[in-house]
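Visitor: Okay, here's the structure, questions in a sec.
The values are calculated or read from the model by the stated rules, or taken from the named source; none is laboratory data. Since we're looking at a predicted model, the values are computed, not measured. Methodologically, a virtual Cβ is constructed for each residue, glycine included, from the backbone with ideal geometry; neighbour enumeration extends over all protein chains shown. The accessibility values were calculated without ligands, DNA or RNA, using every heavy atom of the protein model including side chains. Shrake-Rupley method; radii C 1.70, N 1.55, O 1.52, S 1.80 Å.
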Protein chains: 2
Amino acid sequence: MTKEFVFGHQNPDTDAIGTAIAYSYLQNKLGYDTEAVALGEPNDETQYALDKFGFKAPQVIETAADKVDSVMLVDHNEPQQSVSDIDKVKVSHVVDHHRIMNFNTADPLYYRAEPVGCTSTIVWKMFGEYEVEIPKNLAGLMLSAIISDTLLLKSPTTTDDDKEAVKALAKIADVDYQEYGLAMLKAGTNIADKSEEELIDLDAKSFDLAGNNVRVAQINVVDLPEALERKDAFLKVMEESSKSNGYDMFMLLITNILDSDSEALVVGSDENKAKFEAAFNAKLSENEVKLPGVVSRKKQVVPPLTESFEG
Amino acid sequence: MTKEFVFGHQNPDTDAIGTAIAYSYLQNKLGYDTEAVALGEPNDETQYALDKFGFKAPQVIETAADKVDSVMLVDHNEPQQSVSDIDKVKVSHVVDHHRIMNFNTADPLYYRAEPVGCTSTIVWKMFGEYEVEIPKNLAGLMLSAIISDTLLLKSPTTTDDDKEAVKALAKIADVDYQEYGLAMLKAGTNIADKSEEELIDLDAKSFDLAGNNVRVAQINVVDLPEALERKDAFLKVMEESSKSNGYDMFMLLITNILDSDSEALVVGSDENKAKFEAAFNAKLSENEVKLPGVVSRKKQVVPPLTESFEG
């Protein structure tokens, strides 16, 4: 059997990298020959988790077809979020927790999706189904992925399956998941040594909303006032990025992971800012607004924006 | 929880109907409120299986959105093979063993696909994973679906999983699967009381091959010479159907289920018939050719035709 790559989406997070490592391990146990790789370097939070449990960051690839014929995707399926030459390789397996969009294959494949908070929750179930034991350090990495995606089980994307997986994995990894989880999330909140340009690109996705190219970036912090001291600098790079990339609106969600609240900064035309205000039923004051309880881009930001722009 | 429909593809076969009934049973055990329905009446083979194991044919629906908000699909995902108003309902679950094509959702969902011979093989695994007991009569119906899709485990689409499922289900159903399977397949081969028009539409699918609309129909028989006595009548209705439906080529695969051989009848332009001949490296003689060992449209007919038309 020829080797296959296993990888998550571009701008990888702890789910994309941690679950690629976990799924590759499982598939190798089942007789496949796979290697976990990544479409980018780990962020600070992911690096913290890798170090804690003794993993090296996976090899970063720019293209796949020059090295393998076939790949396995985790934590994504949409081609524009995948490796640049995804159309030149066969996708043999997918494990994911997102909607399915523009994903077409020539042949039947293994596809496993569930609407849970994290891809590692699904892979945890699969270890059970195939009766493969999860090594202690791998359990820690999978735990990290779930803590990351669910913000320590506080995001509205969290399901009972995620909670069950966290408890089971914490037991195998022998860590206090509350204590470890907070430390890991905090490791991803060090914004002091990063430029505003870097910060607005760390975890950012583009969405087509009724013909508008809308960018939604998110950064996690433990000290909102400290982040907002840099408000003018953030607005400046958001304006610049919008001009050079053609964004019709740019929203930066600054999330306090300790109390699960966010502050949003928004740049764009008056018309689009009005649509933003209608979406959240809240008034912008000097491009800024509080969004109490909002932490999930997927579940709490994109759906109201979509409705407001398309309505 | 509001009720959801579970159904297979148009022109339903034993997998589409049998697996819809099995998956609906499993989901109801897991707490959903579902009803198995169908997008057409059972064929003779499926009716034989339903009668044998004491099931009524599912309600036939033309549309879904007027009755439910949400549906679960088995044995298909491509919208053009589904209910006519599939774009007006939410798809919450899919279990399938085909390629994924033009299947897009707004929300995350449950999707389970494996490249095995029959959807019931996957559902059989899921019963095991959820530790739900399979009732005796339902095991018989799921067994029938696998026997149908794999032609009694002789089709090249058959995997080890299908074989394992057949043995396990035959044990629960307490039937000799060889004996029962042959009887069930034979029940689907009674062509004497059907017109040629009916026979070429019983199990037929259209494919876009490099801009050509190619129709591939298949009928199962136990007596090839008896079927070929009607060759002229078949060719006539294939010509007529091509004209009225705009098919660029029409191929009828007549499969002897006892010895796993087929005879093909083909109508179309000389150019397209030449592509057919190149695909199978075989000469048509008066629109007819033997295709020894060919039984699977999905695995042995569509791929070589695709290559020949697109090459």
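Visitor: Kindly establish whether residue A:72 is under 13 Å from residue A:20 (Cβ atoms) and either among the aromatic types (Phe, Trp, Tyr) or within 14 Å of another protein chain (Cβ to nearest Cβ) (or both).
Guide: It is true that residue A:72 is under 13 Å from residue A:20 (Cβ atoms) and either among the aromatic types (Phe, Trp, Tyr) or within 14 Å of another protein chain (Cβ to nearest Cβ) (or both).
Visitor: In addition: Do you know which residues across the range B:19-41 are crowded, with 21+ Cβ neighbours inside 10 Å and in a loop (DSSP other than H, G, I, E, B)?
Guide: B:39
Visitor: Could you grab the pairs with beta carbons closer than 8 Å, sequence gap of 6+ or different chains, first residue in the range A:87-111 and touching a residue at least 40 places away in the same chain (Cβ under 8 Å), second one open to solvent by 10 Å² or more (accessible area, probe 1.4 Å) and aliphatic (A, V, I, L, M)?
Guide: A:95/A:126
Visitor: Going by what's in this entry, would residue B:183 be described as small (Gly, Ala, Ser), assigned to a helix (DSSP H, G or I) and surrounded by fewer than 17 Cβ atoms within 10 Å (Cβ to Cβ)?
Guide: So residue B:183 fits the description; yes.
Visitor: Moving to a separate point now. Residue B:170 - would you say it is closer than 30 Å to residue B:246 by Cα and of a type in the set (Gly, Ala, Ser)?
Guide: no
Visitor: Just name the residue that is farthest from the chain's Cα centre (by Cα) out of those in the range A:80-98 that are farther than 20 Å from residue A:23 by Cα and either within 14 Å of chain B (Cβ to nearest Cβ) or in a loop (DSSP other than H, G, I, E, B) (or both).
Guide: Filtering first and then ranking leaves A:85.
Visitor: Of (1) open to solvent by less than 30 Å² (accessible area, probe 1.4 Å); (2) without any contact (Cβ under 8 Å) to a residue 12 or more places away in the chain; (3) acidic (Asp, Glu), residue B:162 satisfies all except one. Which?
Guide: (2)
Visitor: Please enumerate the residues belonging to the range A:170-218 that are within 16 Å of residue A:48 (Cβ to Cβ) and under 17 Å from the mean Cα position of the chain (by Cα).
Guide: A:181, A:184, A:185, A:186, A:187, A:188, A:189, A:202, A:203
Visitor: Count, please, the residues in the range B:106-147 that happen to be of a type in the set (Gly, Ala, Ser), within 18 Å of the chain's Cα centre (by Cα) and within 8 Å of chain A (Cβ to nearest Cβ).
Guide: Final tally of qualifying residues: 1.
Visitor: Which one is surrounded by the fewest Cβ atoms within 10 Å (Cβ to Cβ) among residues in the range B:278-311 that are assigned to a helix (DSSP H, G or I) and of a type in the set (S, T, N, Q)?
Guide: Residue satisfying both the conditions and the ranking: B:306.
Visitor: What number of residues within the range B:243-277 satisfy the criterion of being more than 19 Å from residue B:154 (Cβ to Cβ) and either assigned to a strand (DSSP E or B) or of a type in the set (S, T, N, Q) (or both)?
Guide: 12
Visitor: Is it true that residue A:283 is in contact with a His (Cβ under 9 Å, 6 or more places away or on another chain) and either at pLDDT 95 or above or of a type outside the set (Asp, Glu) (or both)?
Guide: Criteria not met by residue A:283.
Visitor: Taking the range B:62-85 on its own, how many of its residues are among the hydrophobic types (A, V, I, L, M, F, W, C) and surrounded by fewer than 20 Cβ atoms within 10 Å (Cβ to Cβ)?
Guide: 2
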